[in-house]
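A short worksheet on the structure shown next.
The values are calculated or read from the model by the stated rules, or taken from the named source; none is laboratory data. Here the structure is a predicted model, which is why all the values come from computation and not from measurement. Virtual Cβ from ideal backbone geometry, glycine too; neighbours counted across all protein chains shown. Side chains are part of the model used for accessible areas, which takes the heavy atoms of the whole protein and leaves out ligands, DNA and RNA. Shrake-Rupley method; radii C 1.70, N 1.55, O 1.52, S 1.80 Å.
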Amino acid sequence: MDKKLSVEDNDDIDWDTEDELEIQEIQDTVFSSSTDLRTTGKHVVFCDGEASSSSVPFRSKFIQQFVVMGFPEESIAKAIEQNGENSDLVLDALLTFKALDDSPEEQPSTSPQLEPSISSDDSTSEYNENVLDDVYEEDSWSSDSDNCINSVKRCYMNDEGNSLSGKEKTLLFLENMGYPEEEASIAMKRCGPEASLPELVDFICAAQMARAEDPYLPEDVKPKLKHILNDFGGYKKRKMYNELCKRKKQREITGEETIRLPIPMIGFGVPTESVPTMVQRILPEKTIGPPFFYYENVALAPKGTWDTIKSHLYEIEPEFVDSKYFSATQRKRGYLHNLPIENRFPLFPLPPRTIHEALPLSKRWWPSWDTRKKLNCLQTAIGSARLTDKIRKAVEKYDNEPPMEVQKYVLGQCKKWNLVWVGRNKVAPLEPDEVEMLLGFPKNHTRGGGISRTDRYKSLGNSFQVDTVAYHLSVLKDLFPDGMNVLSLFSGIGGAEVALYRLGIRLNNVVSVEKSEVNRNIVRSWWEQTSQRGNLIHFDDVQLLSRARLEKFIGSFGGFDLIIGGSPCNNLAGSNRVSRDGLEGRESALFFDYVRILDDVKSLMSRHRR
């Protein structure tokens, strides 16, 4: 990300982000709802957005066989780079990528079709139905703040608003695997209503091969049809399906699926939503009172991650909250803390809660078919000029509303990249100052001082959502009327400090531990511009913050009232398809330094009070 901000402009982009974002290549011909093979007279037609009477689209044969199987070209290129042109090794790598992508993580969908996905709740006896039900999983780019069910679900409802029947879902699933509707329907009739998906797939493959041997099929079509069935579809598609099932079972055993999160994700309560019953929690006695601590990380971490975090932080239950209840953008986070939960209050003035409130100038150009009210989780990268130009060309072809397949494509990209309408048929990514506003930071917080636009997006994408965090910290205002001493670990651009300052809590002494020089400069600049009267002490490496150094700080100003921070999520976030190793990963293992430092502070302060 040092030079370019778009995945389209740079295939090696570093997705250094707190959040889940599935990386997919933007296809030139992605407007169709499925890819299938049909015969029309003497011609073979590829129904993937482009038709050809003589040849497939211009790609190498080796790449094309995986494209037709439904894999994104970006994944194919990555697999070839890792394994060379070895079909078995490349297919194995692609299946691994696919198995990871099937997790119900916080990621926007970028394709107007749904590929077969494997649910984390599958059992042997109910596998067929559970796979189909995956289309009903909540997706992070739901645009309605009052509805947790995303637009993917609505695409799978009939005209009366009722859920599709099991037969209809099976048919739709087969279509999305790339099989023609007519062939899928015939297979379901011949195999019977109790047939499993593997049986149906086998039947269709056999029928396709038989058709290739039909003596009445024109001779000039036979070689093409056989070539396509043997090399690009048929058995390899069946093999891919079997491998996905196998890898899914392995993933269940190794526990790589994500945890189930509460719906709605409001933690112990938010200002805009009422909690049905009085929330009560009992904290272990040794955690009650100062020093208070507050730890944050991505909610959608690999299975077992939050259980491990709990076990190291006194078995306190985490509070899972989506920032869409505080702002116009979503950000699903887990917060584990020993703060009181009564008498919280939000920051005033209340921030804008919808896209049009936050960006009123966009309302004039917003098409009626773009029903978003909330932005997706803000990332460290933005959509490219090439992508926005594609969207402009796709939409301006039509005087009225574009057809449904074009709308699905455009909305998928807008949700993925948080694109907003800035003119007739024109979308654009958010500007850094707009991201600052949406995350609750003051205007120009990350601007100037030698900080590039790339750095601004990266720093903001990895920050707290200030209004959400401030709501939790608001209980400290009455407890510390004379100000606080804060140990801010993994400070980033100072989200915790900004939240406390906006709450009117005086910052007496802040020890800010942050490795990035860019972020340290942002915090230092904010400290000076807001005329803070306390002391700001910078420390650049959390691993070097020793017990002896902590003892000096405690001896100097009497201890810390709050230890706050969120360790890196690089190995936790769904966007990391290479080293999503959980808390054992190189960056995310720094969580254990948070625990070490918290234990040291509590021990030293206890001894200091004696």
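Hey, any hits in region 424-436 for a residue that's open to solvent by less than 40 Å² (accessible area, probe 1.4 Å), farther than 16 Å from I355 by Cβ, modelled with pLDDT under 95 and not polar (S, T, N, Q)? No: region 424-436 contains no residue that is open to solvent by less than 40 Å² (accessible area, probe 1.4 Å), farther than 16 Å from I355 by Cβ, modelled with pLDDT under 95 and not polar (S, T, N, Q). Comparison of T454, T446 shows that the only residue that is surrounded by fewer than 20 Cβ atoms within 10 Å (Cβ to Cβ) and touching a Leu at 6+ places or on another chain (Cβ under 9 Å) is T454.
Matching residues to (1) of a type outside the set (A, V, I, L, M, F, W, C); (2) open to solvent by less than 50 Å² (accessible area, probe 1.4 Å); (3) under 27 Å from A301 (Cα atoms):
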{"site": "L489", "(1), (2), (3)": "no, yes, yes"}
{"site": "V523", "(1), (2), (3)": "no, yes, no"}
{"site": "G534", "(1), (2), (3)": "yes, yes, no"}
{"site": "D541", "(1), (2), (3)": "yes, yes, yes"}
{"site": "R586", "(1), (2), (3)": "yes, no, yes"}
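Among residues that are over 23 Å from H538 (Cα atoms) and either charged (D, E, K, R) or at pLDDT 95 or above (or both), L479 is included.
Please find, within region 460-487, the residue that is surrounded by the most Cβ atoms within 10 Å (Cβ to Cβ) out of those that are assigned to a loop (DSSP other than H, G, I, E, B) and either out of contact with any Leu (no Cβ under 9 Å at 6 or more places or on another chain) or small (G, A, S) (or both).
Our first condition is that a residue be assigned to a loop (DSSP other than H, G, I, E, B); within region 460-487, this holds for 462-465, 477-483.
If we keep only those that are either out of contact with any Leu (no Cβ under 9 Å at 6 or more places or on another chain) or small (G, A, S) (or both) as well, we get 462-463, 478-479, 481-483.
Values: N462: 23, S463: 30, D478: 10, L479: 14, P481: 9, D482: 7, G483: 15.
Checking each candidate, the answer is S463.
Residue by residue, here is whether (1) in contact (Cβ under 8 Å) with a residue 12 or more places away in the chain; (2) open to solvent by less than 50 Å² (accessible area, probe 1.4 Å); (3) of a type in the set (D, E) holds:
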site: A381; (1), (2), (3): yes, yes, no
site: S384; (1), (2), (3): yes, yes, no
site: I391; (1), (2), (3): yes, yes, no
site: V395; (1), (2), (3): yes, yes, no
site: Y398; (1), (2), (3): no, no, no
site: P403; (1), (2), (3): no, yes, no
site: Y409; (1), (2), (3): yes, yes, no
site: G412; (1), (2), (3): yes, yes, no
site: W417; (1), (2), (3): yes, yes, no
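Tallying residues that are more than 34 Å from the chain's Cα centre (by Cα) and in a helix (DSSP H, G or I) within region 175-198 yields 9. State all residues of region 334-365 that are open to solvent by 30 Å² or more (accessible area, probe 1.4 Å) and either within 23 Å of Q413 (Cα to Cα) or of a type in the set (S, T, N, Q) (or both); if no residue qualifies, say none. Across region 334-365, the qualifying residues are N343, R353, T354, H356, E357, P360, L361, K363, R364, W365. Taken together, G555, G566, G574, G582 contain a single residue that is of a type in the set (G, A, S), open to solvent by 50 Å² or more (accessible area, probe 1.4 Å) and modelled with pLDDT under 95, which is G555. Taking each residue of region 299-324 that is open to solvent by 20 Å² or more (accessible area, probe 1.4 Å) and looking for partners that are hydroxyl-bearing (S, T, Y) with beta-carbon atoms closer than 6 Å, six or more apart or interchain, yields Y314/T287.
Report yes if V406 is closer than 16 Å to I382 by Cα, outside any loop (DSSP other than H, G, I, E, B) and of a type in the set (A, V, I, L, M, F, W, C), otherwise no. Judged against the criteria, V406 is not a match. Residues in region 318-340 that are in contact with a strand residue (DSSP E or B) (Cβ under 8 Å, 6 or more places away or on another chain) and part of a loop (DSSP other than H, G, I, E, B) were compared, and the one that is nearest to T272 (Cα to Cα) is F326. Scanning region 415-427 for residues that are within 14 Å of A385 (Cα to Cα) and under 14 Å from the mean Cα position of the chain (by Cα) returns W417, N418.
Looking for something crowded, with 20+ Cβ neighbours inside 10 Å and farther than 26 Å from F592 by Cα - is there at least one such residue anywhere in region 507-516? Scanning region 507-516 turns up at least one residue that is crowded, with 20+ Cβ neighbours inside 10 Å and farther than 26 Å from F592 by Cα. Within region 70-90, residues that are at negative phi and outside any helix (DSSP H, G or I) reach no partner that is of a type in the set (S, T, N, Q) and modelled with pLDDT of 80 or more with beta carbons closer than 8 Å at six or more positions or on different chains. Any idea which residue in region 153-192 is modelled with the lowest pLDDT, counting only those that are basic (K, R) and surrounded by 15 or more Cβ atoms within 10 Å (Cβ to Cβ)? That would be K153.
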